[in-house]
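Have a look at the structure below, then the notes.
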Amino acid sequence: MSSRYKMCLCFTRKFKSDGVKTVADVENLFTEYSENGLMSVKNLQRFLVEIQGQTDATEKDAETIIRTRLGAFHRHNFNLSQFFDYLFAEDLNPALESKVHHDMTAPLSHYFIYTGHNSYLTGNQLSSDCSDAPIIKALKKGVRVIELDIWPNSSKDNILVLHGRTLTTPVDFKKCLDSIKMHAFDASPYPVIITLEDHLTKDLQAKAAELIIETFGELLYYPKDSEDLEEFPTPESLKRRIIISTKPPKEYSDSKTAEIKANGDKLKQKTPDEEPWGDEIPDYRGNVPSEGKGPNGLEPVAEDSDDDEETLQRNPDKDAAPEYKRLITIRAGKPKGGSLKDAIKVDEKQVRRVSLSEPQLEKAASSHSSHLVRFTQKNILRVYPKGTRVDSSNYNPLIAWFHGAQMVALNMQGYGRPLWLVHGFFRANGGCGYVKKPEFLCPNGSEIGNDDQSIFNPNAERPLKKKLKIKIYMGDGWTQDFKKTHFDTYSPPDFYTRVGIAGVPADTVMKKTQTIEDNWTPHWNEEFEFPLTVPELALLRVEVHEYDMSEKDDFGGQTCLPVAELKKGIRTLPLYDKKGEKYKAVKLLVRIEFVSV
């Protein structure tokens, strides 16, 4: 088979295309586990146990694989081509476990939770439409925390969802609730948490409570015996339930559309995330730009302003409509004092949620790292993007996860590397939207750690735990997902792969393969080794790019995978586009090994 590309107007350049071919390691393994050119059910079962690390694989499992691949009426043996096809089949040979396998009976504070920010926005933070469509899309992806900003309409007799102090067009609150009810459990049976940013009058709070109860009925969970929880309920006990999280409400204040003026022009400027993949992920080892100082030394927040610590001090419970107040399961706290340290102080008698902006988190991580971790052992910390991200770009979520933050809210309508990390992180635990935190970020038994030396510090030096070895064999599928001239008008693409680790500073690194020229089915056959000190919080990053001598390299696909969940052996990695949607055909064949140290 061959492909022709027109070169200028004078002649045609012809390139040979070998199509998909196997690799030497696969051929050698087939020879080892086959007889007379055929791999039997018994030998495939041995391969699954010895090479793929599936120690509990049975002959019945192997027979199911062969039947699935060949059909019920074929001989139950693989030839080399069929064996290779099986290895390159995502549904039969995935790199991650597809089922929930974490303990789901610990309090909610013991889990990272898939969290969206301003879940109703279709685009930028200032002038895009508000809609239930992005809410539905997020739920279908497995997002478990949906954020709604609720405001009175102009006549103050109904409730709208919109981004206040901006020109975003509103959507009806009831419509959002109906869509959440309809799609809450499409991707996962575990609880959906609705975080409400409340700007309502007392009468409209009562109406909001009525709409919430009317919409969700028995799906809605809220504590009936006590106003103040000493411990959060478990994901298992809340399966197929919906819960509300907000602070005790305040009196309504008028929106100020004039406040958008300072940020409006930023949408006209080119931002990193307008590129196919955005800037490289910042490592936060340097100084992070501040948004300026406000009262109590806190950075002012252009969005979610009702959730900063200064606001949390001044909204007494008497402002709340009682029927609205009683629906709140996860309450935003009201710390005494106005400092960051006060905001994350542990109250032994009750649990709460505190929200910090991206700059506030970075400041707290720098000056109160052990306090942050101690707070998140029992309480819930929500982190959200800084107000200057008017283009709906995102921040590096790793620093929040390192400190145990459960609700790391990103703009799901955005794209770029930070969002790829979030997508990859929540592929863990069967993609259910809840990932059990490592033991070193949870309380020791029922006690909260008080010794700073025992509190996890992501920047501390620590010994190696294991090494990840990954061999990038080959890639395929671009001819099915891209036009022939997508990468280069005159020749096949020149692909290379970037592969590395996103994790604690000591583990973070990126490497790259050689570039394979003029080939739609590149074979790299390159192996990389990554020493890991905290594999529990590490993500494997893989990106394919097409080398362009004269312009910026083109994007060819990406994926992120939690290292702690990777299956060993020869595995298929499906790739995703820049917005996180999976390509129909583009995938890599790799070999994954873990080496003890």
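The values are calculated or read from the model by the stated rules, or taken from the named source; none is laboratory data. Model, not experiment: these values are computed from the prediction. Neighbour counts are summed over all protein chains in view; Cβ atoms, including those assigned to glycine, are modelled from backbone coordinates with ideal geometry. Accessible surface areas use protein heavy atoms only, side chains included; no ligands, DNA or RNA. Shrake-Rupley method; radii C 1.70, N 1.55, O 1.52, S 1.80 Å.
Summary of values
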quantity: Leu167 versus Lys140: modelled label distance in nm, points set 7 Å from Cα along the beta carbon direction; calculated: 3.0 nm
quantity: Inter-label distance, nm, simple model (7 Å from Cα along the C-beta direction), Glu529/Ser550; calculated: 4.2 nm
quantity: Burial order of peptide ranges 513-524, 210-221, 105-116 (average beta-carbon count within 10 Å, highest first); calculated: 105-116, 513-524, 210-221
quantity: Peptides ranked, highest mean first, by Cβ atoms within 10 Å: ranges 578-586, 81-89; calculated: 81-89, 578-586
quantity: Cα-based shape type of segment 120-245, given that a ≥ b ≥ c are square roots of the gyration tensor eigenvalues and the cut on a/c is 1.5; calculated: oblate
quantity: Leading residue at positive end of dipole, segment 353-456 (Cβ point charges), from Ala400, Val422, Val354; calculated: Val422
quantity: Computed lengthening from Glu461 to Glu323, 0.36 nm per intervening residue step minus Cα-Cα distance; calculated: 44.6 nm
quantity: Shape of segment 22-94, Cα gyration tensor, a/c cut at 1.5; calculated: rounded
quantity: Probe 1.4 Å, all protein chains present, accessible-area order of Arg541, Arg240, Arg67, largest first; calculated: Arg240, Arg67, Arg541
quantity: Relative packing of peptides 380-387, 561-568 - highest average C-beta neighbours within 10 Å first; calculated: 380-387, 561-568
quantity: Gyration tensor verdict on segment 357-477 (Cα atoms; rounded if a/c is under 1.5, prolate if a/b is larger than b/c, oblate otherwise); calculated: oblate
quantity: Where segment 359-488 is the region considered: accessible area per residue in Å², 1.4 Å probe; calculated: 33 Å²
quantity: Long-range amide H partners of Asp553 with built H, under 5 Å; calculated: Asp548
quantity: Point-to-point label distance, Leu38-Thr201, nm (Cα→Cβ direction, 7 Å offset); calculated: 8.1 nm
quantity: In Hz, Karplus ³J(HN,Hα) per residue of segment 383-397 (6.51, -1.76, 1.60; θ = phi - 60°; x = Gly, Pro); calculated: 10, 9, x, 5, x, 7, 7, 5, 8, 6, 6, 9, 10, 5, x
quantity: Cα-based Rg of segment 449-548 normalised by 2.2 N^0.38 Å, two decimals; calculated: 1.46
quantity: Sparsely packed GluC sites (Glu not before Pro) within segment 402-507, loop by DSSP, other Cβ within 10 Å at most 12; calculated: Glu461
quantity: Interchain or long-range residues, amide H under 5 Å from Lys511's placed H; calculated: Val499, Gly500
